[in-house]
Structures are given as C-alpha cells and as structure tokens.
Amino acid sequence: MLLGDIFGPDIFVTLVLFVIGLATLAFPIWAILDAASRPSGAFAAAGSSKAMWIAIIAVAWVLTGIVGLILGAVYLGSIRPRVRAVTG
C-alpha cells in the first residue's frame, strides 16, 4: 500500500494542509499557555493586558482558526519578548 493510496494522488497538498492545520492548532495553544504563565504585572509594565491577549487569541482561534494562528504569532513575536524583557 502506497501513501498515494491512503492520502489520494496529491500527497504534497495533503501534507501541506496537515502542517497548516497542525500550526493552527499548536501556535495559539502555545501562545495562550505562555501568556497564562507570565505575571499580570509584567504585561502591565510592557503596556499590554494578560487577560486581553488570552481572550482574543482563544476567541479568534475557536471562531476562525487562522486568525487565532495570526494572533498567536503576533503575541509570540511581539508581545512575549516585551513581557520577558520586563520580567528579566
């Protein structure tokens, strides 16, 4: 039995969609868990809100998936470094 028999004739597209789906699941969860583990005071000192980031990532992820992925990436790439810099 070949992979083409299991996944169809275009396995590359299937694998790309699988990786996108996995990222859409993993990135927001990572961002939410990271934000939840940081102190609220660090978010305030960095000019942001812990509850806001957890809520918007979670809601966007549940409602749309891809927007949750984008917001998770924004948090991990922009907000998280500022919060980490505050906590030292």
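A short reminder: the numbers here are calculations on the coordinates, not readings from a lab. Everything quoted here is computed from the prediction, not taken from an experiment. A quick note on method: Cβ atoms are made from the backbone with ideal geometry, for glycine too, and the neighbour counts reach across all protein chains shown.
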**Prompt:** Relative to the longest principal axis of the chain, what angle (0 to 90°, nearest 10) does the C-alpha long axis of helix 11-37 take?
**Reply:** 20
**Request:** Send over the semi-axes of region 23-87's equivalent ellipsoid, whole angstrom and largest first, taken as the square roots of 5 times the C-alpha gyration tensor eigenvalues.
**Result:** 20, 10, 9
**Prompt:** With labels modelled as points extended 7 Å from the Cα through the Cβ direction, what inter-label distance (nm, one decimal) is found for Arg82 paired with Ile11?
**Reply:** 4.5
